[in-house]
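The values are calculated or read from the model by the stated rules, or taken from the named source; none is laboratory data. Predicted, not measured: the structure shown is a model, and the values here were computed from it. Backbone-built Cβ (ideal geometry, glycine too); neighbour counts: all protein chains shown. Please note that ligands, DNA and RNA were not included when accessible areas were found on the heavy atoms of the full protein model with its side chains. Shrake-Rupley method; radii C 1.70, N 1.55, O 1.52, S 1.80 Å.
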Amino acid sequence: MPGSVKAQDSKLSELNRFMSALKGLSRSESNLIAILHKVQELYGYLDREAMDEVAATMNIPTAHIWGVATFYHYFKLKKPGKHVIAICLGTACYIKGAGEILEKLKEELKTDIGGMTSDGLFSLEEARCLGACGLAPVMMIDGKIYGSLTPKKVSEILQGYRKRSSGE
Amino acid sequence: MAKKIKIYIDNRPYEVEDGQTIMQAADKLGYHIPRLCYHPKLSIEGACRVCIVQVEGMKNYVASCAYPVADGMKILTHTKELRTARRDIVELILDNHPEDCHTCERDGICELQRLAYAMGLRHRHFEGERKCYAKDLSSESVIRDPNKCILCGRCVRICSEIQKVNNLGYAYRGFKTVVIPAYDMPFSESVCTACGQCINVCPTAAFVEKNHTQELFEKLQDNNFVKVVQFAPSVRAAIGEAFGFEPGVSKEKETVAALRRLGFDYVFDTQFCADLTIMEEASEFLERLKGKGKLPMITSCSSAWMKCMEQFYPDLIGNISTCKSPMSMMGALLKTYFADKIKTEPKKILSVAVMCCTAKKYEASRPELRINGMPAVDIVVTTRELAWMIKSGGVDFINIKGEDFDKPLGLSSGGGAIFGATGGVMEAAIRTAYELYTGEPLMEIEINELRGLKGIKEGLISLDGAQVRVAVAHGLGNANALLEIVRKDPGRYHFIEIMGCPGGCIGGGGQPYAGLNSIPLDEETLKKRAQALYDIDRHKTIRRAHNNPDIRRLYREFLGKPLGEKSHELLHTHYKAKFPRGIIPQELTTR
Amino acid sequence: MIAPLDILKKKRSEALDRIHSKEYLSIKRVHVGMATCEIAAGSKEVMDVFLQAVKSGLTDVCVSQKGCAGRCNFEPTVEVMEDGKIPVKYCKVTPEMAKQIIERHLKKGEVIRDWADSGKVKQPEKEKFEEGHLCSHFQRVFGDVDFFSRQMRIVLRNCGIIDPESIDDYLSARGYEALAKVLTEMTPVQVIDALKKSGLRGRGGAGFPTGVKWELTARENSEEKFVICNADEGDPGAFMDRSTIEGDPHTVIEGIIIGGYAIGAKKGIIYIRAEYPLAVKRLEKAIIDAGSQGFLGENILGSNFSFNIEIRLGAGAFVCGEETALIHSIEGHRGMPRPRPPFPSVRGLFDKPTLINNVETWANIPVVIIHGAEWFSSIGTQKSKGTKVFALAGKITNTGLVEVPMGTTLREIVYDIGAGIPGNKKFKAIQTGGPSGGCLSEEYLDTPIDYDSLAKAGSIMGSGGMIIIDEDSCMVNVARFFLEFTQNESCGKCAPCREGTKRMLEILTRITEGKGEEGDIEKLERLGTMIKKASLCGLGQSAPNPVLSTIKNFRIEYEEHIRDKKCRAHFCPSLLEYTIIDKCVGCGLCRKACPAGAITGALKSRHEIDKQKCIKCGACYKVCKFSAISRV
């Protein structure tokens, strides 16, 4: 499909632009994490073709890149859903009932942490302390924080996203 | 001379050199601190925590492999607390390891087993979830079993620091950590060069060679085949170690005898084809010297090096000698010349090779090396596999009487014998090239500057006034360093020998495991194995390949002349770039 | 040659001019909290209301943003400042309330007392700081609030007061004066001396004397050295560093530059979690602004000293808070620690001498320089000087950031500042130091907060996380929760931590599931003590702490779980007994919901649960509308 190929190309060229700015600096390979952040920013996850490009351009073996990509929890190795739900399971949230919220999410999405709904609308991740402990329990969807959650609120919020998505 | 300081080990005072680790100092004083991830040739990890000791003033234990000695330091190595801690650590490792010692390839020769025995494990206190990964059976040469991996990291370090292939790395984190190529891909799709060094350094059976012994045992019972076997010089130099002999004792004749007992009809010597390789390669070199080809010429008998070259240095394909390896040349002859001689259909010949090398299994599967649609070598087994077959096949290797090779492919020169040591191919090639060019035999037949374990060796040969500069590298990491020089300065050398394994083929991925009192890739062992081959060379009456009468007969009866049409058809090949393309970073080291 | 101090004074007066010209028409100033937590509570919408009002003609009011002062349960917060009047501190402001504040307070001058938290000081204290002191501004704004009056805000002195995105605001608060002073009248050795005399110890948790660390790095002979700020704050429940950076990024930057001067480095790196996007954004702006004003770059303030700061993002690895793992992460590797020695001060980033300190340590530096080592060392205890910021969370009335002098007791924090346990529940335990720390029981409440006393009590200071636990929490489960976290974050390099914590977690999980066995506690102790002593890095060395401290202080709960299969906090689901009580009306909902068919009963009569069949899933409990199911 020409459209998607073009989209891929433009992401790759932006990635290359980003890397060429770094390549000239000393110890350029140390920027690997920043580069992988960029890949995730462009693709939504760490796309393999993009990682191969990083290996070739920055002269870093792919096994090394893979080791870094799989080590850090922030990096997603699989394509995520349209909306990414990150539930905070940090101490404060846990004490305030995050376990129940997680159960509700699992029930509603019919998937576990690290998974995606069958329609690709939501993917569920775990977040460690988002730093909004006063509003525990907390979840973040696409970067937006929802606090003081109850299982009922969770249902409502998810419904909202579903409605908006089917309306599109 | 480093400064001397005073330390106390287990309350005994000692004077030791400053600037070393506790383990290094203790090793020299007769203390043996147990260890797992430490290897003197690899960077220090301090990961297994088995080598922990107590240092006065430190609240926690320290890793003796990493902690430096200091003046006045008081060290305790075997207190009750330490013994319990070490025992518990080894148990924890075992609790995440399959409980199948008796059905494991390394039963009896496993470092983890030895360590567990020394720790005195009698009960298991902490059992729980065990990791459960699928084995990677994809490669022709190396099998990976992540369940047996104890994450010591030796394979990662040797693949990146010494071989510089960087195929293996740690992936994931914590309990889920695993050693695996990029993208979790199977070995056959990775940049692995099949050198097998990971097998050499692995303390357990997490890496083993692909096993062809069952298949071979079956075929040996099949009387529809004429069973022919060849074995490499390095095999005879090391196979004794698997039977308790000291390293460096050649077991050539005993191996021939054992192979016959196992059921082979003909036992030939790869060294014969090493001589053949020299004939072809020396001639090829002299052609190039005259201007008919690219210089520097680079040798091609190391299969790991070939795979590495196709993936990492495809721009150098034009420099590579088109000669096949001795093993493949032998295979080609067996299915043509020899089949003819014994008036048998080529497809009824079972061509087996015993090699010190795991990459040869990969080489045997290369489609371009087929002869008339048949593989030139049907089965490759390593030295280890043969040792097991001998033990399993009811042969008393220790007491057996030696026998001689069969004709017409069993006679070899000293040049053929030294092929196994680093620098040996070059030395043998020069012995022949010199005489072919000048007409005179090379008087200083032992070229000492090409011998030994230095990473890159150089030599200067004067061919009737023409100065020929040669270089030798062993281990793919040293090869990389040498080739970077070549890329920048192509005129610097004329002829280069590269062997994929440290020490040359004698250090190959298929050689016997280190014994009880040794470590893998021990330099002394490598030197002794090399010396065994140099001794064979010395004791031979014929030391130059071109003086081998059976070689001459081969050309007379069958091949015609070196680089002739028949030679090109059977003994030469071509290479092409392969993917995935490997990357060798200049400055990156593993952490 | 103009002295750096004089250049700085000029910059400050120019900044004040700019501020005045922006505000000169305004009589009232409105500050809206805009930190991550505030925004999550809805402060952006509140800010929009005020901005809209200004646009529509509210000319005598100037609206700006501020960082978070640390009063989490009262967010969004808005302060209304007027010269000569005590600032009015509105709490839990909604857009509706904002509109009211505009109409009634801003336009008509009526202070809406019900919404404001002011003048409620139970014990008015003598002013801690004289006029002009770096820390006096905070006390002027917030000193009349009980929660704040008992604190001593040195690190957080500007958080909640200034606009973190305005370097002018920072300059007006005597910002960069410490740097100018150092460049004008102090040699690197004198700076280090001051640090040593001050007694400041690393606030990342280990408590290593900062001055000594600087000295060790300074004396290394190397062309290239590095200064690193550890902003990887990974402890769940800890947000001190985030708030500091979001509220006052320049103080951290100033500290780092001074550190660079002292040890002879030209490059500073701030390693910060990727999960803190707002903090990153504010740091980026602060670095650019500092550069434009000449506080970063070549020849700072006209001196010979040049220094640059770069930001490097983490990517979700708690272990990267450990120094050597952090270094490897910056180098582009997996965040795995390595054995020490060599220490980072000798061989650190890219094998060069490197100084690493925590955000909070850096934020202390400008204050130490301006007000001197003697003043700083007058605060705190004999061996722990200065203040410490804590993130108070859990079952406590006042959650938020608390900064107190070392030596303050735990009891004061829990009951005086935190205002005790809500809901009339009983205090059970206090966890300090995050997942690396220990759980202390009631008998330890009078422990003064300092590095050594807490260590002696069996816990650690840690980076500042402080969780209050009440009677409804099961201590075995608390230990399991923390161990699950550290187990998950283990890098996997060394066997004791990788395998040992997994086994400890399995044992703990079994115990909470009612499958505990005799000997389990001893196994936990044996494994725990070995892992503490044999692990490669601080993560492994401290991972068993929650378990060992709960065994020490709450052993009875473990024994009850194992022997009696009982959880006294009624928390562990597998150890609860479900019974249907009198309130049951016989609606049958529970019977239908039970997956094990364990409930029997006729319609309209009291149902019964067969304890043998009950699998303790809690489904009946969830569906019962009449609270007729008791769970103990």
Inter-centroid distance (Cα atoms) of region C:563-583 relative to region C:493-562, Å
24 Å
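Ignoring ligands, DNA and RNA, what percent of the accessible area of chain C is carbon or sulfur (1.4 Å)? Let's see the in-between values first.
On the way: 11910 of 23090 Å².
Carbon with sulfur: 52 percent of the solvent-accessible area.
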Relative packing of peptides B:414-424, C:218-228 - highest average C-beta neighbours within 10 Å first:
B:414-424, C:218-228
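Of the heavy-atom accessible surface of region A:3-71 (probe 1.4 angstrom), what whole percent is carbon and sulfur? Mind showing how you got there, number by number?
Working: 1420 of 2800 Å².
Carbon-and-sulfur percentage of accessible area, whole number: 51.
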If amide H atoms are built 1.01 Å from N in the plane of the peptide, which residues on other chains or at least 5 residues away come under 5 Å of the amide H of B:VAL142?
B:LYS210
When a/c reaches 1.5 or more, the comparison of a/b and b/c decides; with that in mind, is chain C rounded, prolate or oblate per its Cα gyration tensor?
oblate
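Could you quote the convex hull projected area for region B:496-591, Cα atoms only and averaged over all directions, in nm²? Could you put the intermediate results ahead of the total?
On the way: hull surface 45.1 nm².
With every direction weighted equally, the projected area is 11.3 nm².
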Calculated diffusion of region A:3-71, Stokes-Einstein form, Kirkwood radius summed over Cα pairs, 37 °C and 0.692 mPa s, µm²/s
272 µm²/s
Show me B:565-574, C:152-161, A:28-37 ranked by packing, highest mean number of other Cβ atoms within 10 Å first.
C:152-161, A:28-37, B:565-574
Roughly how many Å is it from the Cα centre of region B:543-563 to that of region C:599-621, as a whole number?
94 Å
Choose one of A:MET19, A:ALA56, A:GLN40: the residue whose Cα lies farthest towards the positive end of the charge dipole of region A:3-71 (beta-carbon charges +1 Lys, Arg; -1 Asp, Glu; about the Cα centre).
A:MET19
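Could you order the peptides C:351-361, A:46-56 from most to least packed, using the average number of other C-beta atoms within 10 Å per residue? Show your work: numbers first, answer last.
Working: C:351-361: 24.8, A:46-56: 18.6.
Per-residue Cβ counts within 10 Å, averaged per peptide and sorted highest first, yield C:351-361, A:46-56.
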Rg/Rg_globular for region C:494-626, with Rg_globular taken as 2.2 N^0.38 Å and Rg from C-alpha atoms
1.42
Between the modelled labels at C:GLU525 and A:GLU41 (7 Å from Cα along Cα→Cβ) the distance in nm is 5.3 nm
Report which residues of region A:65-91 become buried by 30 Å² or more of accessible surface when going from the isolated chain to the complete set of protein chains (1.4 Å probe; DNA, RNA and ligands ignored).
A:TRP66, A:GLY67, A:THR70, A:PHE71, A:TYR72, A:HIS73, A:TYR74, A:THR91
Taking Cα atoms, the helix B:303-312 axis meets the longest principal axis of chain B at an angle in degrees (rounded to 10) of 80 degrees
What nm distance separates the two modelled labels at B:MET58 and C:MET1, each placed 7 Å from Cα along Cα→Cβ?
4.7 nm
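Under 15 Å from the Cβ of B:SER303, count the other residues' Cβ atoms, weight Lys and Arg +1, Asp and Glu -1, and hand me the total. Working shown, then result.
Values: positive: B:LYS210, B:LYS307, B:LYS324, B:LYS360, B:LYS361, B:ARG366, B:LYS578; negative: B:GLU140, B:GLU209, B:GLU310, B:GLU363, B:GLU368, B:GLU497.
Summing Lys and Arg as +1 and Asp and Glu as -1 gives +1.
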Looks like region C:430-543, by Cα gyration tensor root eigenvalues a ≥ b ≥ c and the a/c under 1.5 rounded cutoff (else prolate when a/b is bigger than b/c, oblate otherwise), is oblate
List every residue whose amide H lies under 5 Å from the amide H of B:ILE320, counting only residues 5 or more places away in sequence or on a different chain, with H placed 1.01 Å from N in the peptide plane.
B:ILE298
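Can you work out the accessible area per residue across region B:352-488, with the rest of the protein chains kept in place, probe 1.4 Å, in square angstrom? Each step should come with its number before you reach the end.
On the way: 5000 Å² over 137 residues.
Heavy-atom accessible area per residue stands at 36 Å².
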Work out from phi, with θ = phi - 60° and the Karplus expression 6.51 cos²θ - 1.76 cosθ + 1.60, the ³J(HN,Hα) of each residue of region B:167-178, listed in order in whole Hz, and give x for Gly and Pro.
7, 9, x, 6, 9, 6, 8, x, 4, 8, 4, 8
Label-to-label distance, nm, for residues given as B:ASN399 and A:ARG162 (7 Å Cα→Cβ offset):
8.2 nm
So who's got an amide H within less than 5 Å of the one on A:GLY115, skipping anything under 5 residues away but keeping other chains? H placed 1.01 Å off N, in plane.
A:LEU124
Over all alpha-carbon pairs in region A:83-166, figure out the percentage whose distance exceeds 21 Å.
19 percent
Using each residue's phi in region C:249-257, evaluate 6.51 cos²θ - 1.76 cosθ + 1.60 at θ = phi - 60° and report the 3J(HN,Hα) Karplus result to the nearest Hz, with x for Gly and Pro.
x, 5, 5, 5, 4, 4, x, 5, 5
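Please report the net charge: other residues with Cβ closer than 11 Å to the Cβ of C:GLU79, K and R +1, D and E -1. Write out the running numbers ahead of the final one.
Values: positive: C:LYS28, C:ARG29, C:LYS66, C:LYS89; negative: C:GLU82, C:ASP117.
Charge balance in the 11 Å sphere: +2.
Within a 10 angstrom radius of each residue's Cβ in B:369-381, how many Cβ atoms of other chains show up on average? Whole number is fine. Can you show the working numbers first?
Values: counts 0, 0, 0, 0, 0, 0, 0, 0, 0, 0, 0, 0, 0.
If you average over the peptide's residues, the count of other-chain Cβ atoms is 0.
Can you pick out the pairs among C:LYS532/C:LYS552; A:LYS153/C:LYS611; B:LYS210/B:LYS454; B:LYS528/B:LYS578; B:LYS80/C:LYS502 whose Cα atoms lie more than 27 Å from each other? All intermediate terms of the calculation are to be shown ahead of the outcome.
Working: C:LYS532/C:LYS552 15 Å; A:LYS153/C:LYS611 34 Å; B:LYS210/B:LYS454 31 Å; B:LYS528/B:LYS578 36 Å; B:LYS80/C:LYS502 25 Å.
In this structure, A:LYS153/C:LYS611; B:LYS210/B:LYS454; B:LYS528/B:LYS578 lie more than 27 Å apart at Cα.
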Considering only Cα-Cα distances, which of the following residue pairs are longer than 30 Å: C:LYS388/C:LYS565; A:LYS38/C:LYS196; B:LYS164/B:LYS576; B:LYS335/B:LYS576; C:LYS352/C:LYS456; C:LYS10/C:LYS99?
C:LYS388/C:LYS565; A:LYS38/C:LYS196; C:LYS352/C:LYS456; C:LYS10/C:LYS99
Read phi for every residue in region C:87-98 and hand back ³J(HN,Hα) as whole Hz from Karplus 6.51 cos²θ - 1.76 cosθ + 1.60, θ = phi - 60°, with x for Gly and Pro.
x, 8, 10, 7, 10, 6, 6, 9, x, 4, 4, 4
Size of the B/C contact, given as accessible area buried on both chains, probe 1.4 Å, in Å²
3200 Å²
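How big is the dipole moment of chain C about its Cα centre under a simple scheme where the beta carbon of each Lys and Arg is +1, that of each Asp and Glu is -1, and everything else is neutral? Debye, nearest 20, please.
On the way: 87 positive and 81 negative charges, 329 e Å.
Result for chain C is approximately 1580 debye, rounded to the nearest 20.
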On a C-alpha basis, how far is the centre of region B:253-270 from the centre of region B:144-169 in Å? Whole number, if you could?
35 Å
Average partner coverage of B:163-172, which counts Cβ from other chains inside 10 Å:
5
For the Cα atoms of chain B, what angle does the longest principal axis make with the long axis of helix B:270-289, in degrees from 0 to 90, nearest 10?
70 degrees
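Any chance you could list the semi-axes, whole Å, largest first, of the equivalent ellipsoid that the Cα gyration tensor gives for the protein assembly as shown, using √(5λ)? Numbers along the way, then the final one.
On the way: eigenvalues 888, 276, 183 Å².
Each semi-axis is the square root of five times an eigenvalue, giving 67, 37, 30 Å.
Take the Cβ-Cβ distance between B:ASP18 and B:LYS576 as r, set R0 to 56 Å, and report the resulting FRET efficiency rounded to the nearest 0.05. All intermediate terms of the calculation are to be shown ahead of the outcome.
Values: r = 54 Å, r/R0 = 0.97.
FRET efficiency, B:ASP18 to B:LYS576: 0.55.
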Helix C:4-23 versus the longest principal axis of chain C: what angle, 0 to 90°, nearest 10, using Cα atoms?
70 degrees
Roll a 1.4 Å probe over the protein chains and send me the accessible area per residue for region A:83-166 in Å².
42 Å²
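Hey, can you find the accessible area per residue of region B:188-340 for me, probe 1.4 Å, expressed in square angstrom?
Spelled out: the 1.4 Å probe surface of region B:188-340, per residue, equals 25 Å².
Shielding of C:324-337 by partners, i.e. mean partner chain Cβ atoms within 10 Å per residue?
Working: counts 1, 1, 0, 1, 2, 7, 4, 9, 17, 12, 15, 6, 10, 3.
Across the residues of C:324-337, the mean count of other-chain Cβ atoms within 10 Å is 6.
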Size of the A/B contact, given as accessible area buried on both chains, probe 1.4 Å, in Å²:
1500 Å²
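Hey, what did region B:1-146 get for relative contact order, percent, Cα under 8 Å, at least 6 apart?
On the way: 197 pairs, mean separation 29.8, N = 146.
Over region B:1-146, the number comes to 20 percent.
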